[in-house]
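*Asks:* My structure is below; once you've seen it, I'll send some questions.
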Amino acid sequence: MIGKHLSIQSRLTLVIFVSFSLLLIITILAISYSDLKAVRKQTVDVANKVVNVLIQDFVRLLKHTPQPGAESSADIAADIAAKLETFSQIRQVEIYNKEHKPELTYVHNQDKYTAPVTLQPNTTLIKDDYIHLYLPVLYQYNDYGHVYLRLSADALNSRIAHYISNMKLIVPLLLLFSFLAALFAQRFFTRPIRQLAEAVNQVSTTANYSVTVTTNEKAEIGQLFDGFNRMLKSILLAQRQLHTEKERLLVTFESIAEGVITTDETGKIDYINPTACELTGWTDTEAQSRQLETVLCLADEKTRAPLTGQIDECLTQGTTRFNIDNVILISKLKKEIPVHNSIAPIRDAEQHIKGVVAVFRNVTEARELARQLEHQASHDALTDLVNRSHFERRLRNIVEHSRRNEHHAVLYLDLDQFKIVNDTCGHLAGDAMLQQLSGMIRQEMGETDLVARLGGDEFGILLPHHTIEQAKTVAEKLLKLISNFSFSWEGKIFRIGASIGVVPIQYRAMSYTDVMRHADVACYAAKNLGRNRIHLYEPSDTELSRMHSEMQWITQIENALNDNAFSLFTQRIVSTDDSNRVCRYEILLRLIERDGTIHFPGSFLPAAERFGLMPRIDRWVITHTLTDPHIIRFIERNEVEININISWATLNDDALLGFIRDLLQQSPIPASAICFEITETAAIANVPATVRFMRNMKLLGCKFALDDFGSGLSSFGYLKNLPVDYLKIDGSFIRDITTDSTNYAMVESINHIGKVMGLRTVAEYVHDRDTCDQLRRIDVDFMQGYYVHTPMPVSDLELLDSLQVLANPAGEQDKPEKTGKKNTVPAGS
Amino acid sequence: MIIGRIKDSVFFLITVYLSGCLLLSTDLYAAKKTARSRLLADTNWLAERLANRNILIIDVRPPDQYKAGHIRNAINLPVDDTFIKHSYGNRVAPPVRIRQLFRRAGLKNGHWIVIYDNGLLKNAARFYWVLKIYGHRKISILNGGYNQWVREKRATTQKTFTRKPSNYVPVIAHQYLSTKFGTLLAIDNPQVTIIDSRSRDEYLGLSSKAKRFGHIPRAQSIPWNMNLELVDGLYKLKPWGTLKALYKHLDKRVPVITYCNRGKESAVSFFVLSMLGYKVSVYDGAWLEWGNDRSLPIVKPDDNAK
């Protein structure tokens, strides 16, 4: 399109001009054409008339016969020729007789003979600037021959020439006229547009939106003007709003405590608030148009490495960063200020990144406070050594993450005669001495060693990467140091000693509680052996083998949990009187190896307890009990209760309650059919947790039995607080009840107390009829044991159901337990 | 661009115009120079152009004379063939006849025709006139004719030459032909000169080939033989100056009609006057028509004397 670069005016001018010119020229051509046609017709008419006039002469020539006194045919011919010559447009005439022989050929004296054009009679042809005619020589209806005429189209040509010469004058005038007309029309039409364009131009250059444009036009132009005015008005409004918003924002930024810096898309600063100026040490004017990195120098608190790339990353990828910890700002004067900062991209409406905004806050005080709190939490206030919990955390970490070839050691140090200082000079003196001593010890120890005050006059020292020999050397050095230490207080001089237990941490042989316990024991041994000495804890061979077997158990238990190699057994609990009214079954656990070997809980539970696997095992048992199809079917058909053991470790699991609740909701087994057995020792170990658990479960309808009651010997008082339903008397009392009168009395009193408290009692380990009889005599409510029922897989429950076996078959009587261990799942220890 | 184009075309037009003028002027000059010599050719001139195919030499003598000897390449077209002979006189043949004749003889409209007779010029001039009234343009007459040619001992031949038949178109040129009516009108028109080419005796009515005696009213007597002179026993046209003097009393702007008895003598006068630049025509009916038609006025000098 040629008109692309032309203005609307030029285009309009061009269009109007061209169309106007075309119109005029076409009109002129049309008039000329019709005129020329008329002229041609006129010429032909003249020729016809001439022929008519001369027709007699033609006939005379054609019918000529020589006669005396008459003119010759040459005379006639000359006569005709003379006449024809008066018509200048007649250029050539040929007269033919009937035989079509030319009788006369005439050519105008200014012309040349040309061969006649072949034509039909009475037709006209314009060719080569001539009009050719072919007419019959008709006279009084008699045909004498034909006449051919060639007429000059000169008249025509001169007419055309005339037109052309006129055109030469007229066309430029017309063009000029149409150009002027186009110019005028264009101006008329484009005036509002130009007005609008000027207004737009003015607005865009001066940014003054308070302009209005006016026009008399209605229709589109009017709409355009109105629309323009409205648009400007809304822009003005928006601009004012924007300005207000901006002001508000600026004031906000100026007054907040956070430093705010914004940049353009190249990372150059375009705004910095006073707080940011204050923190960075740059003034507003200095910071303008500088790169953000130059002004906002962020570094890692520990390494002092500058945090570069965050701003670029933000600019290029639009990632938002929050640096909460360990960030410092290095000001212009190289002052280091701890800060929280964030860097976020500024996006426009199309989500293109138009810059970044960096916000940062001085967190010097907050971070200092946090540091102090942290320190306080992990350190002893008196000696500034790490405290027990921190020590245990570190120890646990080392125990759990030590590798096969790593050797670590723990010293357990207990001051001798410290109590004397306290007693004679008061706590102030004791504290002062502890401070001095701990300072000394810490000085003596290496960088990586951890010295902790475990409480009172007890210190723990963790020696990572020390063999037992090295640890012993360290202990000896410490012992010597403490022995040589003399503490003077108000003129009195005290000398003290220390007993140190040394424990090696072996790869996967001990849990961290073992380590602590062993260390304690070793220290105690050292004290017992005469104070101020070192005792090295050396596990005996049996202990070592036990440890190793436990380690093997751990892997086996974990595999069993994963592969469901555990199996549920059950043992019936019956009432001692013959009514056998309520049937209850205790769920027991067995581990069955691939070769069919059955392991009793007594062999693998200690290891599980020691290494913290009990919660998982308990959950496994609860889950499988509540979902086992045999148990479900059995409970659906019989009014029975199911006893499930829960261990001490599991009770401390806060999520257990929710876990059981969910399972119960999904299981068809009613909660009232479930009775949880918790050992006495486990219940006492954490009474509040136990009570909370029991109360919550009782709300669901579950019952509780206190297992192994009597073994703790300290728990009558607790019974009042624990909402239990059953007391299970510890089996060790029952076993010898027939022979040992003390046990008999024990059982009797426990039973009595239980009855008094409204509890039902259960006796375990019932192996023979005598025991059974004794229990009946004492009036224990329920009994359980090989005499009553041999444990069986839960899948046999349905078999039992069909047989309606209610009592123990007699054959069971001679089958006492081979091992002395309990066949129930023990809980706690 | 448009301005450039206009400039170009203007320049082109000026160039064309100037060159056209130049060509035309040279052409006109050449035409003037050759006008005289073209009408009257001498033997030398012809001898040089015998082989020119654009020149057609016509021997207008009777066939027997042609057979006896003629100029090489000359065709024979006896002047009497262009006549239609009647008892009341000879008249030029009508266009149909002339067309047939010329085509057969092989005349072409573009030919430069050179005519010769024995030298007396009467036949040659007559043929010249026939060619003129039938529109031919380029015609010359050999001065002195065949006799002169022979006198100069130029080569002759007895071989008959013919040309291929042509498409000759005779175009009537009425201005060289005066009719009875035209001549009658000229009697009362002082703007027309009538010349009697017959002998003085015939003009004076002393003798006549027709029934009546005398001449056409207002006719002047300039006998045809006054145009000729006898040189070494052969007739030739008088020199240019002499001829000019002979007719100097005539106005060149005034048309001239010549006549004689049968149209041959008047043709000589016609030729000479044409050569001198007069507007001249021949009254073809001649005295044989006029003298026999009693309706036409005549003048008898005797009557004038009376």
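The values are calculated or read from the model by the stated rules, or taken from the named source; none is laboratory data. Here the structure is a predicted model, which is why all the values come from computation and not from measurement. Here the Cβ is made from the backbone with ideal geometry for all residues, glycine too, and neighbour counts use every protein chain on show.
*Asks:* With the structure loaded, tell me whether A:A377 is without any contact (Cβ under 8 Å) to a residue 60 or more places away in the chain, over 33 Å from the mean Cα position of the chain (by Cα) and assigned to a loop (DSSP other than H, G, I, E, B) or whether it fails that test. Can you show your working first?
*Replies:* Values: without any contact (Cβ under 8 Å) to a residue 60 or more places away in the chain: yes; over 33 Å from the mean Cα position of the chain (by Cα): yes; assigned to a loop (DSSP other than H, G, I, E, B): no.
No: the conditions fail for A:A377.
*Asks:* Name the single residue, out of those in region B:130-145 being assigned to a helix (DSSP H, G or I) and either over 13 Å from B:D80 (Cα atoms) or not aliphatic (A, V, I, L, M) (or both), that is nearest to the other protein chains (Cβ to nearest Cβ). Full working, then the answer.
*Replies:* Step one: filter region B:130-145 for residues assigned to a helix (DSSP H, G or I), giving B:130-133, B:145.
Now restrict to residues that are either over 13 Å from B:D80 (Cα atoms) or not aliphatic (A, V, I, L, M) (or both): B:131-133, B:145.
Details: B:L131: 13, B:K132: 12, B:I133: 7, B:G145: 26 Å.
It comes out as B:I133.
*Asks:* Of these, A:T262, A:T244, A:T275, which one is at pLDDT 85 or above, out of contact with any Lys or Arg (no Cβ under 9 Å at 6 or more places or on another chain), β-branched (V, I, T) and assigned by TED's automatic domain parsing to the domain that holds A:Q317?
*Replies:* Checking each option against the conditions leaves just A:T262.
*Asks:* In region B:56-85, what residues are within 14 Å of another protein chain (Cβ to nearest Cβ) and touching a Leu at 6+ places or on another chain (Cβ under 9 Å)?
*Replies:* Of the residues in region B:56-85, the ones within 14 Å of another protein chain (Cβ to nearest Cβ) are B:82-85.
B:T82 - this is the single residue of region B:56-85 that is within 14 Å of another protein chain (Cβ to nearest Cβ) and touching a Leu at 6+ places or on another chain (Cβ under 9 Å).
For (1) more than 8 Å from every other protein chain (Cβ to nearest Cβ); (2) within 19 Å of A:V137 (Cβ to Cβ), each residue gets a yes or a no:
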residue	(1), (2)
A:S73	no, yes
A:A77	no, yes
A:I80	no, yes
A:F87	yes, yes
A:V93	yes, yes
A:P102	no, yes
A:H108	yes, no
A:D111	yes, no
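*Asks:* Give the number of residues within region B:261-270 that are touching a strand residue (DSSP E or B) at 6+ places or on another chain (Cβ under 7 Å) and either surrounded by fewer than 18 Cβ atoms within 10 Å (Cβ to Cβ) or modelled with pLDDT of 90 or more (or both). Walk me through how you get there before you give the answer.
*Replies:* From region B:261-270, those touching a strand residue (DSSP E or B) at 6+ places or on another chain (Cβ under 7 Å) are B:262-263, B:266-267, B:269-270; that's our starting set.
Adding the requirement that they be either surrounded by fewer than 18 Cβ atoms within 10 Å (Cβ to Cβ) or modelled with pLDDT of 90 or more (or both) leaves B:266-267, B:269-270.
Final tally of qualifying residues: 4.
*Asks:* Test A:I461 against the stated conditions and say whether it is assigned to a strand (DSSP E or B) and buried (at least 19 other Cβ atoms within 10 Å of the Cβ).
*Replies:* Details: assigned to a strand (DSSP E or B): yes; buried (at least 19 other Cβ atoms within 10 Å of the Cβ): yes.
Here the answer is yes, as A:I461 does meet what is asked.
*Asks:* Could you pull out the residue among A:A207, A:A199 that is farther than 30 Å from A:V39 by Cα and surrounded by 11 or more Cβ atoms within 10 Å (Cβ to Cβ)?
*Replies:* Numbers: A:A207 fails: surrounded by 11 or more Cβ atoms within 10 Å (Cβ to Cβ).
When all the criteria are applied, what remains is A:A199.
*Asks:* For A:Y33, indicate whether it is over 60 Å from the mean Cα position of the chain (by Cα), crowded, with 21+ Cβ neighbours inside 10 Å and among the aromatic types (F, W, Y). Before the answer, list the steps.
*Replies:* Numbers: over 60 Å from the mean Cα position of the chain (by Cα): yes; crowded, with 21+ Cβ neighbours inside 10 Å: no; among the aromatic types (F, W, Y): yes.
For A:Y33, the condition - over 60 Å from the mean Cα position of the chain (by Cα), crowded, with 21+ Cβ neighbours inside 10 Å and among the aromatic types (F, W, Y) - is not met.
*Asks:* Can you tell me which residues in region A:1-42 are of a type in the set (F, W, Y) and touching a Phe, Trp or Tyr at 6+ places or on another chain (Cβ under 6 Å)? Steps first, answer last, please.
*Replies:* Taking region A:1-42 and keeping what is of a type in the set (F, W, Y), we get A:17, A:20, A:33.
Answer for region A:1-42, where residues must be of a type in the set (F, W, Y) and touching a Phe, Trp or Tyr at 6+ places or on another chain (Cβ under 6 Å): just A:F17.
*Asks:* What number of residues in region A:479-494 are within 19 Å of A:G530 (Cβ to Cβ) and in a strand (DSSP E or B)?
*Replies:* Number of matching residues: 0.
*Asks:* Out of A:T742, A:T738, report the one residue that is surrounded by fewer than 23 Cβ atoms within 10 Å (Cβ to Cβ), of a type in the set (S, T, N, Q), farther than 14 Å from A:S575 by Cβ and free of Cβ contacts under 8 Å to residues at least 12 places away in the same chain. Steps first, answer last, please.
*Replies:* On the way: A:T738 fails: free of Cβ contacts under 8 Å to residues at least 12 places away in the same chain.
Among A:T742, A:T738, only A:T742 is surrounded by fewer than 23 Cβ atoms within 10 Å (Cβ to Cβ), of a type in the set (S, T, N, Q), farther than 14 Å from A:S575 by Cβ and free of Cβ contacts under 8 Å to residues at least 12 places away in the same chain.
*Asks:* Still on this model: Could you check how many residues of region A:530-548 are surrounded by 12 or more Cβ atoms within 10 Å (Cβ to Cβ) and at pLDDT 75 or above? Spell out the reasoning first.
*Replies:* So the first thing to find is which residues in region A:530-548 are surrounded by 12 or more Cβ atoms within 10 Å (Cβ to Cβ), and the list is A:531-539, A:543-544, A:546-548.
Next, only the ones that are at pLDDT 75 or above stay: A:531-538.
Of the residues in region A:530-548, 8 are surrounded by 12 or more Cβ atoms within 10 Å (Cβ to Cβ) and at pLDDT 75 or above.
*Asks:* Any residue in region B:155-172 that is over 15 Å from B:V60 (Cα atoms) and within 13 Å of chain A (Cβ to nearest Cβ) sitting within a Cβ distance under 7 Å of a residue that is among the aromatic types (F, W, Y) and assigned to a loop (DSSP other than H, G, I, E, B)? List the pairs, counting only those 6 or more apart or interchain.
*Replies:* Within 7 Å, the pairs are B:V169/A:Y113; B:P170/B:Y134; B:V171/A:Y113; B:V171/B:Y134; B:I172/B:Y134.
*Asks:* Taking B:A286 as meeting all but one of (1) surrounded by fewer than 24 Cβ atoms within 10 Å (Cβ to Cβ); (2) touching a residue at least 60 places away in the same chain (Cβ under 8 Å), write down the number of the exception.
*Replies:* The failed condition is (1).
*Asks:* While we're on this one: Name the single residue that is farthest from A:N643 (Cα to Cα) among those in region A:720-768 being within 59 Å of the chain's Cα centre (by Cα) and charged (D, E, K, R).
*Replies:* Applying the filter and picking the extreme gives A:K720.
*Asks:* Taking the options A:V295, A:V203, name whichever one is touching a Phe, Trp or Tyr at 6+ places or on another chain (Cβ under 7 Å), of a type outside the set (S, T, N, Q) and in the same structural domain as A:G309 (by TED's automatic domain parsing).
*Replies:* Numbers: A:V203 fails: in the same structural domain as A:G309 (by TED's automatic domain parsing).
Residue meeting the stated conditions: A:V295.
*Asks:* Just to verify a result, which residue in region B:56-112, among those that are among the small types (G, A, S) and outside any helix (DSSP H, G or I), is modelled with the lowest pLDDT?
*Replies:* Per the criteria, the residue is B:S87.
*Asks:* Can you report the number of residues in region B:222-264 which are part of a loop (DSSP other than H, G, I, E, B) and of a type in the set (D, E)? If you could, list the steps in order and put the result at the bottom.
*Replies:* Residues of region B:222-264 part of a loop (DSSP other than H, G, I, E, B): B:222-223, B:232-233, B:238-239, B:247-255, B:260-264.
With of a type in the set (D, E) added as a condition, the list becomes B:232, B:251.
Count: 2.
*Asks:* If the requirement is being of a type in the set (A, V, I, L, M), closer than 16 Å to B:K300 by Cα and buried (at least 19 other Cβ atoms within 10 Å of the Cβ), which of these qualifies: B:I222, B:I216, B:I257?
*Replies:* Working: B:I222 fails: closer than 16 Å to B:K300 by Cα; B:I257 fails: closer than 16 Å to B:K300 by Cα.
So the residue among B:I222, B:I216, B:I257 that is of a type in the set (A, V, I, L, M), closer than 16 Å to B:K300 by Cα and buried (at least 19 other Cβ atoms within 10 Å of the Cβ) is B:I216.
*Asks:* Does A:T123 count as within 14 Å of chain B (Cβ to nearest Cβ), touching a strand residue (DSSP E or B) at 6+ places or on another chain (Cβ under 7 Å) and on the phi < 0 side of the Ramachandran plot? Working first, answer last.
*Replies:* Values: within 14 Å of chain B (Cβ to nearest Cβ): no; touching a strand residue (DSSP E or B) at 6+ places or on another chain (Cβ under 7 Å): yes; on the phi < 0 side of the Ramachandran plot: yes.
It is false that A:T123 is within 14 Å of chain B (Cβ to nearest Cβ), touching a strand residue (DSSP E or B) at 6+ places or on another chain (Cβ under 7 Å) and on the phi < 0 side of the Ramachandran plot.
Quick grid of which residues meet (1) under 30 Å from A:A115 (Cα atoms); (2) assigned to a strand (DSSP E or B); (3) assigned by TED's automatic domain parsing to the domain that holds B:Y283; (4) at pLDDT below 90:
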site	(1), (2), (3), (4)
B:F127	yes, no, no, no
B:N147	no, no, no, no
B:R154	no, no, no, no
B:K159	no, no, no, no
B:S166	yes, no, no, no
B:L184	no, no, yes, no
B:I195	no, yes, yes, no
B:R198	no, no, yes, no
B:A210	no, no, yes, yes
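For (1) modelled with pLDDT of 85 or more; (2) closer than 24 Å to B:K132 by Cβ, each residue gets a yes or a no:
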position	(1), (2)
A:K83	yes, yes
A:R91	yes, yes
A:E94	yes, yes
A:N97	yes, no
A:Y106	yes, yes
A:K112	no, yes
A:P121	no, no
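*Asks:* Please go through region A:45-71 and give me each residue that is at the interface with another protein chain (Cβ under 7 Å from one of its Cβ atoms) and touching a residue at least 60 places away in the same chain (Cβ under 8 Å), ordered by number.
*Replies:* none
*Asks:* Restricting the search to region B:174-185, which residues are more than 7 Å from chain A (Cβ to nearest Cβ), out of contact with any Lys or Arg (no Cβ under 6 Å at 6 or more places or on another chain) and under 18 Å from A:E85 (Cβ atoms)?
*Replies:* From region B:174-185, those more than 7 Å from chain A (Cβ to nearest Cβ) are B:175-176, B:178, B:181-185; that's our starting set.
Next, only the ones that are out of contact with any Lys or Arg (no Cβ under 6 Å at 6 or more places or on another chain) stay: B:175, B:178, B:181-185.
Matches in region B:174-185: B:Q175, B:S178, B:F181, B:G182, B:L185.
*Asks:* While we're looking at this one, here's another question. With the requirement that a residue be closer than 24 Å to B:A210 by Cα and within 14 Å of chain A (Cβ to nearest Cβ), what does region B:95-129 give you?
*Replies:* Answer for region B:95-129, where residues must be closer than 24 Å to B:A210 by Cα and within 14 Å of chain A (Cβ to nearest Cβ): B:R126, B:W129.
*Asks:* Taking A:S647 as the residue in question, decide whether it is under 23 Å from A:D708 (Cβ atoms), touching a residue at least 12 places away in the same chain (Cβ under 8 Å), of a type in the set (G, A, S) and buried (at least 21 other Cβ atoms within 10 Å of the Cβ).
*Replies:* Details: under 23 Å from A:D708 (Cβ atoms): yes; touching a residue at least 12 places away in the same chain (Cβ under 8 Å): yes; of a type in the set (G, A, S): yes; buried (at least 21 other Cβ atoms within 10 Å of the Cβ): yes.
So A:S647 passes the test.
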